[in-house]
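S.K.: Got a structure for you, questions after.
What follows draws every value from the coordinates through simple rules; no lab data is involved. Everything numeric here is computed off the predicted structure, so don't read it as measured data. With ideal geometry, Cβ positions are generated from the backbone for all residues, glycine too; neighbour counts draw on all protein chains shown.
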Amino acid sequence: MRRKFLVLLETLVILAGLTLGAAAWKVHSALEQTLNVSQEELLDVPAGSTPTGTFNRMQAKGTLRDALWLRLYWRFNLAGQPLHSGEYRLTPGMTLQDLLGVWKRGEVVQYNLTLVEGWNFRQVRAALDKQEKLKHTLAGLSDAEVMTRLGHEGVFPEGRFFPDTYKYVRGVTDADLLGQAYSRLDEVLAKEWTDRAPEAPYTEPYQALIMASLVEKETGVPQERAEIAGVFVRRLQTGMLLQTDPTVIYGMGERYTGKLTRADLHEATPYNTYTNAGLPPTPIAMVGREALHAALNPASGTSLYFVARGDGSHVFSDDLEAHNNAVREFQLKRRADYRSSPAPVPLPAPQPGQEQGTQPPGSPDTATDHSADAPHDSQKDSQ
């Protein structure tokens, strides 16, 4: 009887060994398999997905085999390993071991959203709408409703987001990205406010943000930002109107078609700095750190005017006579290659209704006499 028991026990041990060996071989075979991927593709792992469900889905699609053994391997070897949601890149020749390594490292595919200095909030929302991998939750909402959704009810959105390149993964919401940009602007503004020059004339950071938006729209030449801020500050301190075209353009909204007339300069909007003294009521665009720094550290000097040379830089003048002379030299006799922006790329082809050589949106160019219907390049004088 005892001998039979020992034989039975020995048989069971052998069978167990064979079963474990077979299982180990199956697991090894499953892990070493090459994924059935003929060209690069993306594996979407939505939030809340489990390894079990993902393995089953991949097997149903024919991307892998032996999902059962892979599930068992994960359960006994990677039980504490999270599976991050997002997209994973699958490439030809990739093995299951390679995929597990990507999962363990959380190497989800990232996308970029670039918010550009000088954009207005309408442009920001348009850029968000074009991001196909974002989860869109703000469509159809007014700007005020968007700000409420972000937790900033009653805050005007213009200029309240920091221009930068933001990385995200599939499934992140548009509100999440806007929230990041809003918080980033707060951080940068607070830092620049703390480091501001003692003579900076602002009583609160928001005023500096407004001024920075004017500087941002007037020039992209780094070394000129502080000088342009200085001109604006001196004009404010001496009671002169700012008379800056970008504020007129912003006040016109979508009615602006690429040209300003003298009639536009007399149109009553809250943003028209040809008719309203002081700063406009809100920022008119997103601002970069450099424009903020310039606004809070304006250059000292005596200049009160500036005019675009046509190569992206400006001529600064102390009085109206010198300014008008510069206008005649650089504006009334524009070269064929004239440009007010320093960008090293060709200007886009003229749009319908916009002739070659007319003022592009946001240009800081200045000139003198114009008829009521002629394209106007801003005249920054105190008249």
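S.K.: When the Kirkwood radius is taken over all Cα pairs of segment 111-190, what Stokes-Einstein diffusion coefficient follows at 20 °C and 1.002 mPa s, in µm²/s?
M.R.: On the way: Rh = 12.6 Å.
Translational diffusion coefficient: 170 µm²/s.
S.K.: Can you tell me the order of 73-79, 260-266, 31-37 when each peptide is scored by its average per-residue count of other Cβ atoms within 10 angstrom, highest first?
M.R.: 260-266, 31-37, 73-79
S.K.: Using only alpha-carbon positions, what ratio does the radius of gyration of segment 31-105 give when scaled by 2.2 N^0.38 Å? Walk me through the intermediate numbers first.
M.R.: Values: Rg = 11.4 Å, N = 75, 2.2 N^0.38 = 11.3 Å.
Against the compact-globule rule of thumb, the ratio is 1.00.
S.K.: I would also like to ask the following. Please report the projected area of segment 199-330's Cα convex hull averaged over all directions, in nm².
M.R.: One quarter of the hull surface, i.e. the mean projection, equals 8.0 nm².
S.K.: Oh, and also: Net charge around GLY53, counting only other residues with Cβ within less than 13 Å of its Cβ (Lys, Arg = +1; Asp, Glu = -1)?
M.R.: Value of the local net charge: +2.
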